[in-house]
Structure formats: C-alpha cells, structure tokens
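Structure record follows, encoded as structure tokens.
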Amino acid sequence: IHAATEALGLPIRLIGTPGQRNDIALAHDLIDGIDADAAIADKGYDADHLVDRITEQGAEVVIPPKRNRKAQRPYDRDLYKERNRIERFFSKLKQFRRVATRYDKLLANFMGFVKLAAIAIWLK
C-alpha cells in the first residue's frame, strides 16, 4: 500500500501494488495533483526525478538523502519529524483485521477494504 496523507495524517490517496514493487515506482502517481507546502517522505523516495517533480509543483522537499549520494541534499530535520503521521496512519489501518491479515487474494478486493478502513479512519 502506497499512501499520501494530509497534515493531520488522514489519507488522501491510496495506491495498491504487488509486494515486490519498489516504493518509488508509483511515487509520481501518488503526488500528482496534490497541492502541498511540503512533501515529506523517507529515504526510499530519494530520487532526482521525484525531487524535481516535487519542486516543480512548488512544494518543499523533505526527504533525507541516501548515504551513497555524491551530493548530499539538505532537508528540514524538524519538519521531517512530522513523517510519523504516515506511520501512525498505517498503524490505525492495521487495526482493521481484514486489512492486517490480508484475507483477500485479489488486489482489487483488498484495496476495497483498505479504502473502506480509510473512510472509517476519516470518520473517527
């Protein structure tokens, strides 16, 4: 599950992919059309093409650079601490047993229940 949340940690976009798919593979689809002041992500999303896309959209990039980067890019460490909100969203999502244990074999059925759980999180 790839997710984008708003500032309070409520989901605004959810995309499901097979487990072997890399995090960065659908990052452009995840952020397209979202108007934000900052984009906070972990090191898995550190790629020049994504950083360029985020800056084109007018948002601040808050992604720590990978260790093997030749040119280390600065980022706001205090703002990066807010990334725990997405982790808390996933924790809330796993409270729904059907999502946590993944009873459904088909991705479409599984994502249907993920979105239903996301709606319940919004309504709380």
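The values are calculated or read from the model by the stated rules, or taken from the named source; none is laboratory data. Keep in mind that what you see is a predicted model, and the values were worked out from it rather than measured. When we count neighbours, we look across all protein chains shown, and the Cβ atoms used for this are built from the backbone with ideal geometry, even at glycine. Note: accessible area is taken over every heavy atom of the protein model, side chains too, but ligands, DNA and RNA are not part of it. Shrake-Rupley method; radii C 1.70, N 1.55, O 1.52, S 1.80 Å.
In region 43-54, how many are open to solvent by less than 80 Å² (accessible area, probe 1.4 Å) and charged (D, E, K, R)?
2
Being out of contact with any Phe, Trp or Tyr (no Cβ under 8 Å at 6 or more places or on another chain) and assigned to a strand (DSSP E or B) is the filter; apply it to region 1-35 and report the residue that is surrounded by the fewest Cβ atoms within 10 Å (Cβ to Cβ). Spell out the reasoning first.
From region 1-35, those out of contact with any Phe, Trp or Tyr (no Cβ under 8 Å at 6 or more places or on another chain) are 2, 4, 6-8, 12-15, 17-22, 25-26, 28-35; that's our starting set.
Checking which are assigned to a strand (DSSP E or B) leaves us with 2, 4, 12-15.
Details: HIS2: 17, ALA4: 19, ILE12: 13, ARG13: 16, LEU14: 18, ILE15: 16.
Across region 1-35, the extreme among qualifying residues is ILE12.
Any residue at all in region 36-45 that's of a type in the set (Val, Ile, Thr), in a helix (DSSP H, G or I) and either touching a Gly at 6+ places or on another chain (Cβ under 9 Å) or closer than 19 Å to HIS2 by Cα (or both)?
No: region 36-45 contains no residue that is of a type in the set (Val, Ile, Thr), in a helix (DSSP H, G or I) and either touching a Gly at 6+ places or on another chain (Cβ under 9 Å) or closer than 19 Å to HIS2 by Cα (or both).
Checking the structure you have, find out if any residue of region 67-80 is among the aliphatic types (A, V, I, L, M) and in contact (Cβ under 8 Å) with a residue 12 or more places away in the chain.
yes
Working only within region 55-107, note down all residues that are open to solvent by 80 Å² or more (accessible area, probe 1.4 Å), assigned to a helix (DSSP H, G or I) and either among the aliphatic types (A, V, I, L, M) or more than 17 Å from ILE31 (Cα to Cα) (or both).
Result: ARG77, ASP78, LYS81, GLU87, ARG88, LYS92, ARG97, ARG98.
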